[in-house]
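> Dropping the structure in here first, questions after.
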Amino acid sequence: MDRNRLVEQLKAIADSRNAIAETIDVAELWDVLAPEADWIDLPTMTGLCFPHATDDDHESAVIRAMFQSRHHFRFKPDRFRPHTQAEMDAIIAQEQEAAKQQRLIEAGAAWIQSVRSGTKVDRPAEHQVIVDILKSYFLFDKESPHCESAREIIKQAGLNTSEEIFNHLVAVGEWCTDENVDLLRYRIPVFFSPETQKRADTAAAKPTDGAWHDGRTDLTHLSTLTIDGQSTLDFDDALSIEIAMIIFSWAFTSPTWRS
């Protein structure tokens, strides 16, 4: 048999086996076999599905049906075991989450492309989630918990550099061109409560009458010299020097000093 005829025959066999597989109700099989919770070999499973015909085509159809519907059975090429209800629920939840993630990636990529091209479109429903993913990846790269999702969005959107991510976040109004990303990267707060802001403003303000009312002395007119080391990040020790002329005057006029 030449190659073309062989390919045609194999396709015909595959079509026939797929048609047989469509007649198998995998969910019904699971209802019957779930209480057994044990492995079932291929000939036995084929016999349950087709009591009066168990040739190679039918065995292949059973394997194809199980492969297309993986919720109900764990399988190997020659045997099957029904999942527990908990296992099946977990598989379904995982598939739903994967589908949701794929929709998110596609929506994010389409949104980025529309912004770059200047096309006016509505923000996707998942806008804030997508923004948070892009921000997290830009700030933390591989350490971001959204690293894989962000990379897929960026890949589909056609972005090549982290600068392009930053530009997109600026373009949609999430960041400004002078955004201090280091504060965000090190999780340093940039917004504070009204009470905190009020106390900070009070502490920073100079007294209007020249005197502090909380026991402090205003020394802001003095020049200070830090005494912290060069590698110090928190400069909180400094000296200020004043020449006390009155002391020198007393010293030069003191009889004890003259003698």
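The values are calculated or read from the model by the stated rules, or taken from the named source; none is laboratory data. Everything numeric here is computed off the predicted structure, so don't read it as measured data. With ideal geometry, Cβ positions are generated from the backbone for all residues, glycine too; neighbour counts draw on all protein chains shown. Areas reflect the complete protein model, heavy atoms only, side chains present, ligands, DNA and RNA absent. Shrake-Rupley method; radii C 1.70, N 1.55, O 1.52, S 1.80 Å.
> Mind checking the angle between helix 162-171 and the chain's longest principal axis? C-alpha axes, 0 to 90 degrees, to the nearest 10.
For helix 162-171, the angle is close to 80 degrees.
> Can you check what the net charge comes to around HIS58, using other residues whose Cβ is under 11 Å from the Cβ of HIS58 (Lys, Arg +1; Asp, Glu -1)?
Numbers: positive: ARG17, ARG64; negative: ASP55, ASP56, ASP57, GLU59.
Charge balance near HIS58 sits at -2.
> Which whole-number value in Å² is the accessible area per residue of the chain, probe 1.4 Å? Intermediate results must be reported in sequence, preceding the final value.
Values: 18910 Å² over 259 residues.
With all protein chains present, the chain gives 73 Å² per residue.
> How much length is gained on full extension from THR177 to ALA204, taking 0.36 nm per residue of separation minus their Cα-Cα distance? List each step's numbers first, then the result.
Values: separation 27, 0.36 × 27 = 9.72 nm, distance 2.81 nm.
Answer, rounded to one decimal: 6.9 nm.
> Next question. Connecting C-alpha atoms closer than 10 Å in a GNM of the chain, tell me which of ALA109, ALA86, ALA238 has the biggest fluctuation.
With Cα springs under 10 Å in the chain, the top fluctuation among ALA109, ALA86, ALA238 is at ALA238.
> Given a Förster distance of 51 Å, report the FRET efficiency between ASP234 and ILE13 from their Cβ-Cβ distance, rounded to the nearest 0.05. List each step's numbers first, then the result.
Numbers: r = 77 Å, r/R0 = 1.50.
Result of the calculation: an efficiency of 0.10.
> Of the heavy-atom accessible surface of the chain (probe 1.4 angstrom), what whole percent is carbon and sulfur?
54
> Using Cα springs under 10 Å in a Gaussian network model of the chain, which residue among THR161, THR119, THR217 shows the largest mean-square fluctuation?
THR217
> What order do you get for 5-12, 40-47, 188-195, 172-179 when each peptide is scored by the mean count of other beta carbon atoms within 10 Å, highest first?
On the way: 5-12: 10.2, 40-47: 17.1, 188-195: 8.1, 172-179: 12.0.
Top of the packing list down: 40-47, 172-179, 5-12, 188-195.
> Note down the nm distance, to one decimal, between modelled labels 7 Å out along Cα→Cβ at ASP141 and at GLN197.
3.5
> Between THR226 and LEU48, with labels modelled 7 Å along Cα→Cβ, what's the label distance in nm to one decimal, could you check?
If labels sit at THR226 and LEU48, their model points lie 7.5 nm apart.
> Related question: Angle check, please: helix 147-157 long axis (alpha carbons) against the longest principal axis of the chain (alpha carbons), in degrees 0 to 90, nearest 10.
Roughly 80 degrees between the two axes.
> Let me ask another. Taking only Cα atoms, what is the 0 to 90° angle, nearest 10, from helix 85-117's long axis to the longest principal axis of the chain?
Taking the Cα atoms of the chain, the angle to 85-117 is about 60 degrees.
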